[in-house]
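Participant: Encoded as C-alpha cells, here's the structure I'll be asking about.
We did not get these values from a lab; they are worked out from the coordinates using the rules stated. Note that the coordinates shown come from a computational prediction; the quantities given were computed from them, not determined experimentally. FYI the Cβ positions are ideal-geometry reconstructions off the backbone, even for glycines, and counts take in every protein chain you see.
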Amino acid sequence: MKLVTWNVQWCRGIDGTVSPQRIVAGARHLADFDVLCLQEIAVNYPGLAGNAGHDQPALLRELLPGFQLFFGAAVDEFGADGQRRQFGNLVATRLPVAQVQHHALPYPADAGVCSMPRMCTVVTVVDPALGPLRVMTTHLEYYSALQRMAQARALCELHRQACAQADAPPQPGDDGSPFQAKVHTANAILCGDFNLAPSDPDYPVLAGCLQDAWRVLHGELPQPPTFRVYEREYGPDPMACDLVFVSDALKQRVRRMEIDGATQASDHQPVMVSLR
C-alpha cells in the first residue's frame, strides 16, 4: 500500500497559482498512491491568496476517478455575505472503505494568539495484504503551542480508544441499524502537517503512542525538510513537520519513505510511505 500526504496550501504553489490539477499531478509523480491525504483544502474562500473561492473537494473528485473522497472541515462558517465556507483535510482512496469518522481536536483558549479549529479525519480502509487499517490525517495548530500540545495528546487518545475497541469490541450486530458491528482495528497510520519538529515537546507525545515511520527506516538520520524549503514567509529555517506515524503492529511493514524535495506546487513538500 502506498500513501501520499501533503499540505497543499489550498492548492497554491510558490508561484502563487492555485491549481488542484497540479497537486494531483505532483502526487501521482511521487507515487501510484492507494491513499492520498491532503491538508488545507478550501471551499469558497475567495480571500485566500491566489483565490481559493471554488469548491476544491468537488474539483479533486473530478480529478481522481476511481477514488472515494472524504472531506473533513475543521472550519465551517458563514461569511459576512452569508456564504458557507469550509477549510480542512481530505482523504482520497481507491481501497474499500469500512467507515469514516471526523474528530474535532481540542481548541483551548490562548488569548491573543492567531489560531483556528483543527480536526482529524479517520478513514478505515481494507488493504488486500494489510487488512483493515485506520488512516488518520490531521493538521495541527501552527501559532499556539498550547493548542498544539492538547491536539497531540488528543490524537494519542483517539488511537488508544480505537485499540481498546479492537481488543474489546462492542456487542456484535447485523440488523442494519447504526448499532450494527463496525470494523475495529489497532492498525493505524497517522499522517499530516503536525507543525512541530522532533526537538519540540509535543513530538515525544506522539512518538510515545505511535512509531515515526522515518525513524523506523532511518534511525536518527534527520528527515529531509518539508516546509520553508522554497518560501520563508513563516520562518528562516526549513523544517520537517509533515510526518507519518504507524502503529506498533505496522512497524515491520514499513518498506520505503520518500519526500519530493523538488516540487514547488505548494509551500510544503509531499511525503510518500509504502507498506507491505
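Participant: If you scale each eigenvalue of the Cα gyration tensor by 5 and take the root, what three semi-axes come out for the chain, rounded to whole angstrom and sorted largest first?
Facilitator: 27, 22, 20
Participant: Local charge sum around N7 (other residues, Cβ-Cβ under 10 Å, Lys/Arg +1, Asp/Glu -1)?
Facilitator: Every neighbour counted, the sum reads -4.
Participant: Output needed: Cys residues of the chain lacking any neighbouring Cys C-beta below 4.7 Å, sorted by number.
Facilitator: Singleton cysteines: C11, C37, C114, C120, C163, C191, C241.
Participant: If you don't mind, there's one more thing I want to ask. Return the sequence-ordered ³J(HN,Hα) values of the range 70-78 in whole Hz as given by the Karplus equation 6.51 cos²θ - 1.76 cosθ + 1.60 applied to θ = phi - 60°, using x for Gly and Pro.
Facilitator: 10, 9, x, 8, 6, 10, 9, 9, 10
Participant: So how do D167, D193, D212 line up by other beta-carbon neighbours within 10 Å, fewest first?
Facilitator: D167, D212, D193
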